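Participant: I have a structure I would like to understand better, so I am pasting it below and will then ask my questions one at a time.
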Amino acid sequence: MKYLRTGAYLFLLFSILFFFLKKTDKIEPSIENLLAVLPCASKFEKKGKYWKGIDSRNNLCGYAFLTSSMPPKVKGYGGEIQALVGIDKSGTITGIEILKHDETPFYFGMIEEAGLIRDIKGHRIEYGYKGLSIVSGATISSRAILKDVLGGAAKIAREELNIRVQLEEEGFKKEIILSILILFVFLSGFTGVMKRKKFFVLLSSSVGIVLIGFYMNSPFSLTDISRMLTFHFPSISNFSLLFIYILVILGSFMKKPLYCRCICPYGTLVDIAGMLGKNKKIESPSSARFAGFLREFIGIILLSLFLITGASFFLYLEPFQWLFSFKGSTIMWIFALSGILLSIFIRRFWCLFLCPTGGILDRVSWLFNRLPSLLKRQKGS
């Protein structure tokens, strides 16, 4: 197991280097893309960070721009969402083409299903965010699209079309409230674990499953670990998610990660299932070591495969996101429910044997707790 673990981490290191070497951020839209978002134009002239659309009578009819080239450049769940947007002389958004994104198919599928891109087309920029709603369950991705599209369109409207636009900082107060509630969840869990008070542990788990699971649909997962490894941290407009990252890492300073102990929404469902039956606890140290190795190994391999191929499928195997949004295929639901129901017979079966995120957080916790003794040994030598 030792050599397999070492090999897996070397594979991960190679995958990270490969990810940054093959990374290409610059995208140039084709004439077909430009015509699709600004159909009134027959030709285009590049002007700084955007294109002027010229009609058949040689008159200006609008502008097209890449969201990745215009402020505010808000990040989605997997990084910047690069879209081409058209806006005509009246300040109406005439089209959107998504050229590149690193969102999971699940989140982006929810946005397409909700019709957000369709709703933005035909929207007058002077109305700001009125009439456009963030997609529940895909909050971060849909907010990034709205802010990027409307932010870039508003800049052109002010500077080129002389249209007065005032975009209010949508969702800022909500992010502050969410962050306070998230802090409450982690502090309750920390108090319960340190003081051995079941009430606080139960409080942390209960609020966590409602807030982080069902409401935010943002359980910490391999997707988040991949973002941290590739430095795709959430923007300040998604401060609540960034706050979860910070608190999960701080909680990993404990002997066993705080998030896994009492905050993970899926782990809470696993614990509830365990209460329904007489489940067996793994007593054998060798079995426990193998279980820890297995989930950590699975996590490292899945992360590596994602970084090399760019296929979000490898991060999508965890059931967290689609379970709490009540989405997913029949096979997905069978997989998600099996991980919970098996815990009726074997205590925390998913958490102990299969959870890749938990396996990696356990390794982070091990490193944090081993570091002082390693430093002390180094000083002594």
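Participant: Based on alpha-carbon atoms only, what is the radius of gyration of region 193-317 relative to the globular estimate 2.2 N^0.38 Å?
Facilitator: 1.17
Participant: Right, next: Can you give me the relative contact order of region 196-286 as a percent, contacts being Cα pairs under 8 Å and 6 or more apart?
Facilitator: Reported as a whole number, the value is 38 percent.
Participant: Percentage of Cα-Cα pair distances in region 37-152 greater than 21 Å, rounded to whole percent?
Facilitator: 34 percent
Participant: Additional query: Please compute the Kirkwood hydrodynamic radius over the chain, one decimal place, Å, based on all pairs of different Cα atoms.
Facilitator: For the chain, inverting the mean 1/r across all distinct Cα pairs yields 22.9 Å.
Participant: For region 184-260, what log10 I(q)/I(0) values come out of the Debye formula at q = 0.13, 0.19 1/Å, with one point per alpha carbon and no solvent?
Facilitator: -0.40, -0.83
Participant: Right, here's the next one. Pop a pseudo-label 7 angstrom from the Cα along the beta-carbon direction at both Glu112 and Arg164 and give the gap in nm to one decimal.
Facilitator: 4.1 nm
Participant: Once Rh for region 222-283 is found with the Kirkwood sum over Cα pairs, what is the Stokes-Einstein diffusion coefficient at 20 °C and 1.002 mPa s, in µm²/s?
Facilitator: The Stokes-Einstein estimate is 156 µm²/s.
Participant: Okay, next question. In Å³ and rounded to a whole number, note down the convex hull volume per residue for the Cα atoms of region 172-380.
Facilitator: Once divided by residue count, the hull of region 172-380 is 151 Å³.
Participant: Can you give the local net charge around Gly310? Use residues other than it whose beta-carbon is closer than 9 angstrom to its beta-carbon, Lys and Arg +1, Asp and Glu -1.
Facilitator: Summing Lys/Arg as +1 and Asp/Glu as -1 gives 0.
Participant: Going down the table (Lys49/Lys147; Lys174/Lys256; Lys198/Lys327), which pairs top 24 Å between alpha carbons?
Facilitator: Among Lys49/Lys147; Lys174/Lys256; Lys198/Lys327, the Cα-Cα distance tops 24 Å for Lys174/Lys256; Lys198/Lys327.
Participant: Compare Lys47, Lys89, Lys100 in a GNM of the chain, Cα atoms joined below 10 Å, and give the one with the largest fluctuation.
Facilitator: Answer for the Gaussian network model of the chain: Lys47.
Participant: Considering Cα pairs under 8 angstrom that are at least six residues apart, work out the relative contact order of the chain and quote it in whole percent.
Facilitator: Over the chain, the number comes to 16 percent.
Participant: How tilted is helix 105-114 with respect to the longest principal axis of the chain? Cα atoms for both, answer in degrees (0 to 90, nearest 10).
Facilitator: 50 degrees
Participant: Report, to the nearest 10°, how far helix 330-341 tilts away from the longest principal axis of the Cα atoms in the chain, using its own Cα long axis and a range of 0 to 90°.
Facilitator: 30 degrees
Participant: Please report the spacing between the Cα centers of region 108-145 and region 225-239 in Å, no decimals.
Facilitator: Taking the Cα centre of region 225-239 as reference, the centre of region 108-145 is 21 Å away.
Participant: Between Tyr245 and Asp119, what FRET efficiency follows from the Cβ-Cβ distance if R0 is 45 Å, with the result rounded to 0.05?
Facilitator: 0.90
Participant: Run the helix sum for the chain: -39,500 (n - 2.57) per DSSP H stretch of 4+ residues, divided by residue count, reported at 222 nm to the nearest 500 deg cm²/dmol.
Facilitator: -17000 deg cm²/dmol
Participant: Once you have the alpha carbon radius of gyration of region 263-375, what is it after dividing by 2.2 N^0.38 Å, with N set to its residue count?
Facilitator: Scaled against compact globular proteins, the figure is 1.16.
Participant: How charged is the neighbourhood of Gly299? Take every other residue with its Cβ under 13 Å from the Cβ of Gly299, and add Lys/Arg as +1 and Asp/Glu as -1.
Facilitator: -1
Participant: Still on this model: How tilted is helix 198-208 with respect to the longest principal axis of the chain? Cα atoms for both, answer in degrees (0 to 90, nearest 10).
Facilitator: 20 degrees
Participant: Moving on to the next point. With loop defined by DSSP as not H, G, I, E or B, and exposure as at most 11 other Cβ atoms within 10 Å, which is the longest segment of the chain clear of exposed GluC sites (Glu not before Pro)?
Facilitator: Longest run free of exposed loop sites: 1-167.
Every number here is computed from the coordinates shown, using simple stated rules; none is lab data. Predicted model only: the values in this text are computed from it and were never measured. Here Cβ is always computed from backbone atoms with ideal geometry, including for glycine, and neighbour counts include all displayed protein chains.
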